[in-house]
Amino acid sequence: MSRSCSKVLVTGGAGFIGSHVVDRLLSDGFEVVAIDNLCAGRLENLAHCQNREDFRFIQGDVRDFGLVKRVVRDVDVVFHEAALVSVNRSVEDPALTNEVNVTGTLNLLKACLGSGVRRFIYGSSSSVYGEAETLPKHEGLMPQPISPYAVSKLAAESYVKVFYKVYGLDTVCLRYFNVYGSRQAYGPYSGVITIFMNRLLSDQPPVIYGDGEQTRDFVDVRDVVDASMLALTNRGAVGEVFNIGTGVATSINQLAGMLREIAGKIDLKPVYENPRPGDIRHSLADIGKAKKILGYYPKVSLREGLSNLVDWYTKRSL
Ligand code: UD1
């Protein structure tokens, strides 16, 4: 895909993953349009791009079909990162999660038909594997979602695949595992690393739901951005689904220990509370397919990524 003439739309562009994708696209010479309803995304994540001629921000919602249709009209590529990302929140409000994650995706896909969009890259989720017991999780497993959030990601992913098969839209689905890094908004629906980090830095102990022996495959957002760029250019990726993780499992207890150590807060011992409904017990990526087809090799270890994140938070608060 030629860089100089390509215009890319990033939905959720002011959000955590989306804003990092925007940065990389701009530095690689693409023209970028970012759309975000600023529900979880923040303008400060894009403040450094606002005066660029090759960048435009639109405050809007992917549920607004008229808007989406207008925005998609003159772009070549769509990175669809806008979503409600919290399992917990989806348990509280499954309909809202469905509207944003499923209807929002369908809106975009419909808008792409008959437009000049040549590739649609969807930020899916490893949560779709749900109760599938095999570890590590590979793309051939039958998804068994156990939360409304996971159902919404699987439904949206299925639409994406159908738009490839039935309508010939070139699509790629990336099943992100537990992505962490700078810029994730802090609140009750944030990822565990953002929550632990914010609590530790304000001298509060981490709260662990359940026994803390549940495991996750934590992947640095910079590796996720690399995977996204590979999905953009790789011909063999079209119509496919890829796991994007690291292949390393870490328990929540281990994570809390590592973070307390790196942040210099070893005295803040975790507090244990009841497990959360809809929580997966173990999640670990088999990244063999992404390595083979995309040439994706994650570079950032969890310890390194967490150290970088502590530095980022420290600089931000100075
Ligand atoms: C996360 C992402 C989801 C993504 C999925 C991919 C968020 C909010 N969720 O879901 O979008 O699709 O990974 O695998 O980014 N926990 C605690 N204490 C806390 C917070 C969480 O013990 O304060 C535990 C949870 O109970 C869970 C684990 O940490 O067992 C991870 O939770 P969370 O970061 O919310 O992520 P997932 O539910 O795995």
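Per-structure values
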| quantity | calculated |
| --- | --- |
| Backbone HN-Hα couplings from phi across region 141-154 [Karplus 6.51/-1.76/1.60, Hz, Gly and Pro as x] | 6, 6, x, 9, x, 10, 9, x, 4, 4, 4, 5, 5, 5 |
| Kirkwood hydrodynamic radius (C-alpha pairs) into Stokes-Einstein, region 32-121, 4 °C and 1.567 mPa s, D in µm²/s | 93 |
| Prolate/oblate/rounded call for region 1-156, Cα gyration tensor, a/c under 1.5 rounded | prolate |
| Length released on extending from VAL238 to LYS269, taking residue separation times 0.36 nm less the Cα-Cα span | 6.5 nm |
| Under 5 Å, built H, 5+ apart or other chain: amide partners of VAL248 | ALA285 |
| Packing-based ranking, highest mean first, of 226-238, 25-37 given that Cβ atoms within 10 Å are counted | 25-37, 226-238 |
| Ranked packing of 294-300, 8-14, most packed first, by mean Cβ within 10 Å | 8-14, 294-300 |
| Choice from ASP64, ASP286, ASP220 with maximal GNM fluctuation in the chain (Cα, 10 Å cutoff) | ASP64 |
| Cα gyration tensor, region 239-318 - rounded (a/c under 1.5), prolate or oblate | oblate |
| Nonlocal amide H pairs with TYR176, under 5 Å, H built at 1.01 Å | SER124, SER125, SER126, ILE244 |
| The chain, helix-only ellipticity at 222 nm - DSSP H runs n ≥ 4, -39,500 (n - 2.57), divided by all residues, nearest 500 | -10000 deg cm²/dmol |
| Shape of region 85-186, Cα gyration tensor, a/c cut at 1.5 | prolate |
| Cα coordinate range in the chain, projected on the principal axes (Å, largest first) | 57, 45, 37 |
| Extension gain, LEU96 back to ALA132 (0.36 nm per residue minus Cα-Cα distance, nm) | 10.4 nm |
| Residue among LEU255, GLY191, VAL179 farthest towards the positive dipole end of region 174-318, charges placed on Cβ | VAL179 |
| For region 240-246, Karplus couplings with θ = phi - 60° (6.51, -1.76, 1.60), whole Hz, Gly/Pro x | 9, 10, 10, 6, 10, x, 10 |
| Beta bridge orientation in the chain: antiparallel %, DSSP, nearest 5 | 5 |
| Residue-normalised accessible area of the chain, expressed per residue, 1.4 Å probe, Å² | 43 |
| Surface share of carbon and sulfur [accessible, 1.4 angstrom probe, percent] for region 14-165 | 50 |
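The values are calculated or read from the model by the stated rules, or taken from the named source; none is laboratory data. This structure is a prediction, so every number in the text was calculated from the model and none was measured. Positions of Cβ are backbone-derived with ideal geometry, glycine not excepted, and every protein chain shown enters the neighbour counts. We work out accessible area using only protein heavy atoms, side chains counted, and drop any ligands, DNA or RNA first. Shrake-Rupley method; radii C 1.70, N 1.55, O 1.52, S 1.80 Å.
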